[in-house]
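Following: one structure in structure tokens, then a few remarks.
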Amino acid sequence: MDSILVRGNGPLNGDIEIAGAKNACLALMPATLLSDEPLTLTNAPRLSDIKTMTALLASLGAEVTALQDGKVQAMSCHGEINPVADYEIVRKMRASNLVLGPLLARLGHAVVSLPGGCAIGARPMDLHTTALEALGAEISLKDGYLHAKAAGGLKGAVHKMRFPSVGATENFVMAASLAKGTSVLENAAREPEIVDLCDCLNKMGAQIEGAGTSRIEIQGVDRLHGATHPVVTDRIELGTFMLAPAICGGEVTCLGGKLSLVESFVAKLEEAGISVEENARGLTVSRKGDRVKAVDVTTEPFPGFPTDLQAQMMALLCTAEGTSVLEETIFENRFMHAPELIRMGADIEVHGGHAKVHGVEKLKGAPVMATDLRASVSLILAGLAAEGETVVSRVYHLDRGYEFIEKKLSGIGAQIERIQS
Ligand code: UD1
């Protein structure tokens with residue numbers, strides 16, 4: 001298993017390119033199941049999760065071709081479709097559950113393995129199944145698989161979710177696009193990735209209004225056609241790389257970054273004493289002072305502070321002046337980076353969903369272990385701010401969500417290299 005070696009760094013300066021969003025791409029790719037015409041996604045990120053979704057779609061009968069070094073995903077689903085999403089692929093990645101809605105809408109039936117839990121929490125599927133049941137699907141669980149069918153086809157309905165789940169919103173919107181009549185989803189998730197999916201579906205001929213608000217209305221259509229769509233910028237990669245100069249000092253422009261994608265995150269950076277400026281090239285981030293100030297952070301659904309940036313923000317706050325309190329409200333077990341940061345000299349107390357971070361002047365390099373995707377990158381950021389060397393092992397988590405991270409960070413002056421084993 002590869003590991004990543006990071007040496008404590010001085011200021012970082014320069015430009016860094018931000019990729020297309022992993023989470024948007026993972027929802028856009030299954031949309032190909034809704035049409036027999038080609039769907040082409042440009043600005044796709046080059047990540048192992050995208051390869052996993054490619055393998056899953058191929059197992060269902062879609063043709064997926066990666067073009068231009070993987071930046072373009074050309075997909076077509078004109079042949080026979082297999083309705084069974086196998087456990088062997090689904091268990092690798094929870095986002096595999098996003099084929100459930102499209103398969104059901106296109107075929108009237110689907111058999112999709114439950115993904116199982118993951119390191120950050122139990123992550124059940126009840127919000128997905130109740131949303132699809134509202135559209136007339138009958139869903140039962142057998143041998144670890146969800147068996148879904150809609151004998152007379154899906155029918156439009158009004159449904160209110162008890163929590164604005166991102167994945168359940170995506171499954172509902174894709175399924176309702178081919179349902180008979182009008183559907184309304186209340187308390188829908190408002191993430192930019194939902195807006196991106198709905199924009200793409202509308203290009204394919206769907207009639208969706210209200211994406212980005214908590215009420216999405218979908219007028220079902222008989223069929224969807226092909227389209228070409230650029231994947232929205234990855235706001236989590238953007239936020240992660242904005243933290244690099246915040247932690248090390250210097251001035252970095254995140255190319256293609258937009259304030260509207262990361263407003264609540266930027267508000268916290270500014271409170272900590274980091275300057276962020278939007279310009280024609282992207283977002284320019286600089287830290288002028290010596291140490292940042294402590295800030296309190298609570299994760300929330302969009303437009304609140306993203307749970308996917310909580311671990312990286314904690315890495316920054318480890319060396320802040322004062323005590324910060326981080327509250328995690330989305331996932332029950334998302335502080336696994338804390339014990340690793342403590343090994344690097346951080347002073348953190350975790351009590352349930354809260355973590356108290358008492359800022360120390362300097363972190364110290366140490367061998368640490370990545371436990372999940374965002375935790376791994378938080379350890380890399382912490383390593384850049386530490387004295388000496390940090391070796392982050394189990395970096396396969398990292399490759400799920402960050403393309404060419406060593407190349408990108410060394411491009412702004414970081415001392416980082418991959419150790420292949
Ligand atoms: C998506 C993102 C993930 C991000 C998360 C929250 C993708 C591929 N992944 O995940 O990176 O961390 O949003 O912003 O887009 N829940 C239920 N029942 C359900 C579904 C979810 O109780 O049926 C709970 C989950 O356990 C979790 C919360 O709802 O506590 C949020 O989950 P959800 O918004 O569904 O996240 P994902 O779509 O899985």
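Observations, loosely collected:
- When the residues of the stretch 127-144 are filtered to those that are under 15 Å from Asn97 (Cβ atoms) and either modelled with pLDDT under 95 or not assigned by the TED database to the domain that holds Leu98 (or both), the one that is nearest to the ligand (Cβ to nearest atom) is Leu141.
- When Glu327 is tested against the conditions (1) at pLDDT 95 or above; (2) out of contact with any strand residue (DSSP E or B) (no Cβ under 9 Å at 6 or more places or on another chain); (3) surrounded by fewer than 22 Cβ atoms within 10 Å (Cβ to Cβ), the lone failure is (2).
- Selection of first residues in the stretch 142-170 that are outside any loop (DSSP other than H, G, I, E, B) and of second residues that are among the β-branched types (Val, Ile, Thr) and within 16 Å of the ligand (Cβ to nearest atom), restricted to Cβ pairs under 6 Å at least 6 apart or on distinct chains, gives the following pairs, ordered by first then second residue: Leu146/Val112; Leu146/Ile139; Ala148/Ile139; Thr169/Ile194.
- For the stretch 37-63, filtered to residues that are closer than 20 Å to Arg91 by Cβ and among the β-branched types (Val, Ile, Thr), the residue that is nearest to the chain's Cα centre (by Cα) is Ile50.
- Number of the condition not met by Asn202 [criteria: (1) surrounded by fewer than 21 Cβ atoms within 10 Å (Cβ to Cβ); (2) within 13 Å of the ligand (Cβ to nearest atom); (3) at pLDDT 95 or above; (4) under 25 Å from the mean Cα position of the chain (by Cα)]: (2)
- Enumeration of residues in the stretch 302-325 that are closer than 26 Å to Arg400 by Cα and part of a loop (DSSP other than H, G, I, E, B): Phe302, Pro303, Gly304, Pro306, Cys318
- For first residues located in the stretch 389-401 and assigned by the TED database to the domain that holds Thr240, partners that are buried (at least 20 other Cβ atoms within 10 Å of the Cβ) and of a type in the set (Asp, Glu) and lie 6+ apart or on another chain with Cβ distances below 8 Å form the pairs His397/Asp372; Arg400/Asp49; Gly401/Asp49; Gly401/Glu237.
- Of the helices (runs of 4 or more DSSP H) entirely within the stretch 1-119, those holding at least 2 residues that are in contact (Cβ under 8 Å) with a residue 60 or more places away in the chain and over 30 Å from Asn333 (Cβ atoms) occupy 100-107.
- Any hit, the stretch 326-337, residues being within 18 Å of Ala375 (Cβ to Cβ) and in a helix (DSSP H, G or I): yes
- In the stretch 20-42, residue nearest to the ligand (Cβ to nearest atom) [restricted to those that are within 23 Å of Leu243 (Cα to Cα) and touching a Ser or Thr at 6+ places or on another chain (Cβ under 8 Å)]: Ala21
- Residue within the stretch 293-309 that is within 16 Å of the ligand (Cβ to nearest atom) and of a type in the set (Phe, Trp, Tyr) present: yes
The values are calculated or read from the model by the stated rules, or taken from the named source; none is laboratory data. Quantities reported herein were computed from a predicted structural model and do not represent experimental measurements. Note: ideal-geometry Cβ built from the backbone for every residue, glycine included; neighbour counts use all protein chains shown.
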